[in-house]
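Everything on this sheet refers to the single structure shown next.
The values are calculated or read from the model by the stated rules, or taken from the named source; none is laboratory data. Because the structure is a prediction, the values reported are computed rather than measured. Here the Cβ is made from the backbone with ideal geometry for all residues, glycine too, and neighbour counts use every protein chain on show.
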Amino acid sequence: MIDRLDHISRMLAKGLAALAGFFLTAMMLLACANMVSRTLWLPIPGTYELMGFFGAVVTGFALAFAQLNKSHISVGLLMKRLPKTVRRTLDALTSLASCVFFALIGLETGQWAGYLVRTGELSETLRIAYHPFVFATALGCLAMAFVLLVDVLKTISGRTEH
């Protein structure tokens, strides 16, 4: 069961990371096009808005992949001196607290996106509905929570090294 969940979390994280790469590339192209456009004529309208929306998606979609690769900052100076069972317990508790935190962020962000849909709110400059970007960010946070949940299960079952 844990192996299946681990496989699903890896596929989800990799898929979202690929989409994050797409949006990061779009950000780079948009920024370059805007710089060229500024020197030749006028800036591209809404560049600032789109950079913000795309940046939120990139950040949200990259979270789970970074967690899979343990790329986030962790403080392990004292942990290495503790007994293995204490390390495992603390690691499981930390991952569980982080899982709950990201699940709550994902749910709240998803509710905010739903509110944006209901009210029909549009972005200020381009006048586009931006709730899809908010939903995407919520998805990234929920994916992070899922990866952390799998980490908790792997830690409890002793499938991770400490």
Would it be correct to say that THR25 is modelled with pLDDT of 90 or more, closer than 27 Å to GLY106 by Cα and within 13 Å of the chain's Cα centre (by Cα)? no
Only one of LEU50, LEU29, LEU19, LEU63 is surrounded by 16 or more Cβ atoms within 10 Å (Cβ to Cβ) and over 30 Å from THR160 (Cβ atoms), namely LEU50
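What are the residues in the stretch 1-16 that are of a type outside the set (Val, Ile, Thr), touching a residue at least 24 places away in the same chain (Cβ under 8 Å) and loosely packed, with under 14 Cβ neighbours inside 10 Å, if any?
If the condition is that a residue be of a type outside the set (Val, Ile, Thr), touching a residue at least 24 places away in the same chain (Cβ under 8 Å) and loosely packed, with under 14 Cβ neighbours inside 10 Å, then LYS14 is the only one that fits.
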Within the group THR94, THR89, THR109, THR125, which residue is at pLDDT 90 or above, in a loop (DSSP other than H, G, I, E, B) and either out of contact with any His (no Cβ under 6 Å at 6 or more places or on another chain) or farther than 28 Å from MET51 by Cβ (or both)? THR125
Residue selected from the stretch 63-83 under the condition in a helix (DSSP H, G or I) and at pLDDT 80 or above, by the criterion farthest from LEU142 (Cα to Cα): ARG81
Name the residues in the stretch 128-162 that are touching a residue at least 40 places away in the same chain (Cβ under 8 Å), part of a helix (DSSP H, G or I) and either of a type in the set (Phe, Trp, Tyr) or in contact with a His (Cβ under 7 Å, 6 or more places away or on another chain) (or both), would you? PHE133, PHE146
